[in-house]
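Undergrad: Can you read through this structure? Questions will come right after.
The values are calculated or read from the model by the stated rules, or taken from the named source; none is laboratory data. None of the values given here were measured: they were computed from a predicted structure. Cβ atoms come from the backbone with ideal geometry, glycine included; neighbour counts cover every protein chain shown. The area values use the complete protein model at the heavy-atom level, side chains included, leaving out ligands, DNA and RNA. Shrake-Rupley method; radii C 1.70, N 1.55, O 1.52, S 1.80 Å.
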Amino acid sequence: MIRQTVLEYDHSDDALENLHTLIGNRKALVLKGLNGYGEAVRVFPRLENLPSVQFNGECSDEEVNRLNAYRPDVWIAVGGGKLIDTAKRIAFTQSVPLIVVPTLVSNCAAFTPLSVIYTEEGSYIRYDTFPVVIERVIADERLLRDSPYDYFKAGVIDTVAKWFEARYISGTTSKDAGIQSGLSLAAQCGKLMDLSIHEQDFRRYGTDVRYIVDHVLAIGGAVGGFGDAGTRVAVAHAVHNALSRFDSTHHWLHGDKVGFGLIVQERLIRSDDTFLLEDWLQSIGAPTSLAQLGIRFDQIDELVTSIVEEITIQGIRDLENPERLKEILINLQEVVYK
Ligand SMILES: [Zn+2]
């Protein structure tokens, strides 16, 4: 199934200025995050005039139930990926539209018709796919260019992952029009590895950065929207989910763990791109060893079991050889300096 969720995407230097016109005379409620909301108010002070409710930080079933008590005509999500996922779930449950104001360039949550559900402690449980109407994604340059660089970097990794994971599932071409469209967009995402993403470039917010931001926020999300299960997550995200079961990895960002998962995935299939990928991740300071992720040698068996479970949960094709997975993880335990 081809499923897109966003009616309008406005990436411009003052995109927030049109918010009140878009809301009109509807009763709006802002779901606000801990950090990003204050930044959004700094850029656009009129945001504070709208009623708001605080997000508790996890996209969990409990949080969705709590927020479901509020009944606006339109929800406005101002925050990061987990907040946006929560808002989508509520908007869908209540059959009301949603406006999304991303405060981080870290994920494609604003463009995906799904929510990733975690426990209240932050461990991955599942993802739910559903039709949700996002009226507009407001990507305000003033807000995004000052957002945390680490999140941007992790977002780029998660976007590059679209290519490797789509290719893992569907190969490089498909006779299915949706999957082929997803693969074409995913290939564009993979090419982001060729662009410089250093912090000074991000702050300058030139043409290349704008191009990258569009891929992280929008194009990356459309990949799964076109290709559905044919271009969605694969082994790299299964590794991410397995890693998220270990407390020591909680301070790493989603994209950082996905990047490590990509190394595992590409080594598993003996891809020619493995070293290119590892070099790239090292060059931008992303973790490429289990030691960096705080996983000890004696935890590798538990990690292997978790990864195999996650691969099964996600319905990804079975590993031919779990022993090989263990070997790869043992090799990736220590930091390898080149
Ligand atoms: Zn991801």
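Undergrad: Which one of these does THR249 not meet: (1) under 21 Å from LYS153 (Cα atoms); (2) at pLDDT 95 or above; (3) surrounded by fewer than 24 Cβ atoms within 10 Å (Cβ to Cβ); (4) among the β-branched types (Val, Ile, Thr)?
TA: It is condition (2) that THR249 fails.
Undergrad: Which of (1) more than 16 Å from the ligand (Cβ to nearest atom); (2) open to solvent by 10 Å² or more (accessible area, probe 1.4 Å); (3) over 24 Å from LEU325 (Cβ atoms); (4) assigned to a helix (DSSP H, G or I) is the odd one out, the single condition VAL209 does not satisfy?
TA: (2)
Undergrad: Then there's this: Of all the residues that make up the range 97-122, how many are in a loop (DSSP other than H, G, I, E, B) and either more than 14 Å from the ligand (Cβ to nearest atom) or at pLDDT below 95 (or both)?
TA: Adding up the residues that qualify gives 11.
Undergrad: Also: Limited to the range 115-129, what total is found for residues that are farther than 10 Å from GLU58 by Cα and out of contact with any helix residue (DSSP H, G or I) (no Cβ under 6 Å at 6 or more places or on another chain)?
TA: Result for the range 115-129: 5.
Undergrad: Shifting gears a bit: Among the residues of the range 268-279, what is the count of those that are on the phi < 0 side of the Ramachandran plot and surrounded by fewer than 16 Cβ atoms within 10 Å (Cβ to Cβ)?
TA: 5
Undergrad: Out of HIS251, HIS215, HIS240, I need the residue that is away from the ligand (no atom under 16 Å from the Cβ), on the phi < 0 side of the Ramachandran plot and not hydroxyl-bearing (Ser, Thr, Tyr). Which one?
TA: HIS251
Undergrad: Test of understanding: among GLN292, GLN265, GLN314, GLN282, which residue is within 16 Å of the ligand (Cβ to nearest atom), within 22 Å of the chain's Cα centre (by Cα) and surrounded by fewer than 20 Cβ atoms within 10 Å (Cβ to Cβ)?
TA: Result of the check over GLN292, GLN265, GLN314, GLN282: GLN314.
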